[in-house]
Amino acid sequence: MAENPSVLITGASSGIGATYADRFARRGHNLVLVARDKERLEVIAARLRNETGVAVDVLQADLTKPVELATVEARLRDDRRIGILVNNAGASVGGSFVEQATDDVERIVSLNTTALVRLASAVAPRLTGAGEGAIINIGSVVGVAPEFGMTVYGATKAFVLFLSQGLSLELIPKGVYVQAVLPAATRTEIWERSGVDINSIPAMMEVGELVDAALAGFDRREAVTIPPLHDAAQWDAYQAARQAMLPGFGQSRAAERYLAAL
Ligand SMILES: NC(=O)c1ccc[n+]([C@@H]2O[C@H](COP(=O)([O-])OP(=O)(O)OC[C@H]3O[C@@H](n4cnc5c(N)ncnc54)[C@H](OP(=O)(O)O)[C@@H]3O)[C@@H](O)[C@H]2O)c1
């Protein structure tokens with residue numbers, strides 16, 4: 001990767017995205033910060049310019065609005081200085097599936113999946129053409145845990161994990177690194193925004209520790225980084241169990257247990 005490419009970070013006005021902005025600025029990367037709240041972005045940008053001397057641009061966009069999303073896509077397509085995309089903006093919605101308003105469900109699917117994949121799609125051809133660059137996608141451990149009861153949010157994060165693993169296989173041979181980061185509960189505004197009492201969560205990671213661990217995984221070029229998972233062998237075993245099924249999928253006949261029922 002070219003030394004210190006610019007980094008475009010979505011959802012950079014608070015929480016994990018704002019912390020990525022801080023850390024990449026301290027590593028000497030110029031930044032493009034994206035979110036809806038322009039005032040908050042300007043405050044963060046001014047502080048980081050002042051403290052680190054990097055150049056910081058602010059791009060106001062609601063990523064659920066196609067016209068505004070398109071401005072970010074265009075920036076990723078056209079600005080050759082941007083070598084790293086941090087696909088971080090995301091939201092959750094409180095309540096069970098039957099309690100959630102259909103429009104809220106659509107909104108988080110649009111933000112967590114459609115916007116994320118459109119931004120990856122906008123930047124990937126340029127990065128593969130250059131033979132370098134990176135895409136960091138923020139998923140969640142909820143994406144492998146339907147048992148946690150956050151069904152739509154988890155489904156969007158399962159999409160992020162699958163997309164990242166697939167893109168990793170496609171893009172690594174072309175010189176582009178793809179990382180999926182799967183945080184568990186982390187102290188940010190997402191809880192309040194989705195109407196969940198933060199005190200009801202048994203263990204909460206501080207956002208600085210989460211992002212620093214995610215960046216340690218980035219530096220090691222891990223495909224999947226799960227900062228709260230202490231036993232890494234569990235993830236390896238989970239992947240191995242999944243991969244062990246793959247050769248068996250190519251069958252012309254249905255499994256015996258179904259044939260027996262006919
Ligand atoms: N915190 C956790 O426990 C946790 C755990 C697992 C995964 N994650 C994931 O981490 C990512 C960051 O979340 P966070 O915890 O840092 O939450 P957060 O503090 O609420 O930050 C969310 C960011 O996304 C931006 N955003 C929200 N809606 C947007 C929209 N329509 N268009 C553009 N930007 C939008 C927000 O900025 P504006 O309001 O200014 O637009 C904000 O900067 C998300 O993808 C989340 O799913 C969080």
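Each reported figure results from applying straightforward, stated rules to the coordinates on display, with no laboratory input. Note that the coordinates shown come from a computational prediction; the quantities given were computed from them, not determined experimentally. Backbone-built Cβ (ideal geometry, glycine too); neighbour counts: all protein chains shown.
What the table shows:
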{"quantity": "P(r) of the chain over all Cα-Cα pairs, binned every 10 Å from zero, in whole percent", "calculated": "7, 29, 35, 20, 7, 2, 1, 0"}
{"quantity": "Two-decimal Rg to Rh for the range 1-146 - Kirkwood Rh, Cα set", "calculated": "0.99"}
{"quantity": "Cα-Cα P(r), the range 184-227, percent of pairs per 5 Å interval", "calculated": "5, 22, 24, 17, 15, 10, 5, 0"}
{"quantity": "The range 87-147-the range 227-243 distance, computed between alpha-carbon centres (Å)", "calculated": "22"}
{"quantity": "Reciprocal of mean inverse Cα separation for the range 69-129 (Kirkwood radius, Å)", "calculated": "13.0"}
{"quantity": "Built amide H within the under 5 Å cut-off of T225, gap 5+", "calculated": "A180, V181, L182"}
{"quantity": "15 Å Cα-Cα reach of K174 towards aspartates and glutamates, excluding residues that sit fewer than 8 places from it in its own chain", "calculated": "E132"}
{"quantity": "Residue among I9, L116, G248 farthest towards the positive dipole end of the chain, charges placed on Cβ", "calculated": "G248"}
{"quantity": "D (Stokes-Einstein, µm²/s), Kirkwood Cα radius, the range 67-204, 0.890 mPa s at 25 °C", "calculated": "155"}
{"quantity": "Gaussian network model of the chain, springs between alpha carbon atoms under 10 Å - residue of R242, R49, R118 with greatest fluctuation", "calculated": "R242"}
{"quantity": "In sequence order, calculated HN-Hα J values of the range 89-103 (Karplus, 6.51, -1.76, 1.60; Hz; x Gly/Pro)", "calculated": "3, x, 8, 10, 9, x, x, 7, 4, 6, 7, 6, 5, 4, 5"}
{"quantity": "Distant-in-sequence amide H partners of V86 (H built 1.01 Å from N, under 5 Å)", "calculated": "L8, I9, T10, I136"}
{"quantity": "Charged-residue dipole, Cβ positions (Lys, Arg, Asp, Glu), the range 83-144 about Cα centre, Debye nearest 20", "calculated": "260"}
{"quantity": "³J(HN,Hα) computed for each position of the range 240-246 - Karplus, 6.51 cos²θ - 1.76 cosθ + 1.60, integer Hz, glycine/proline x", "calculated": "5, 5, 5, 5, 5, 6, 4"}
{"quantity": "Qualifying aspartates and glutamates (Cα of each under 16 Å from Cα of K38; at least 8 residues distant if same chain)", "calculated": "D57, D62, E68"}
{"quantity": "Among T186, V86, L41 the positive-end extreme of the charge dipole of the chain (Cβ point charges)", "calculated": "V86"}
{"quantity": "Whole-Hz couplings from phi, Karplus 6.51/-1.76/1.60, listed for the range 127-132; x for Gly and Pro", "calculated": "5, 5, x, 7, x, 7"}
{"quantity": "Residues of the range 67-94 with amide N under 20 Å of a point placed 7 Å along Cα→Cβ from E106", "calculated": "67-70, 90-94"}
{"quantity": "Estimated inter-spin distance, E189 and D78, nm [label 7 Å along Cα→Cβ]", "calculated": "2.9"}
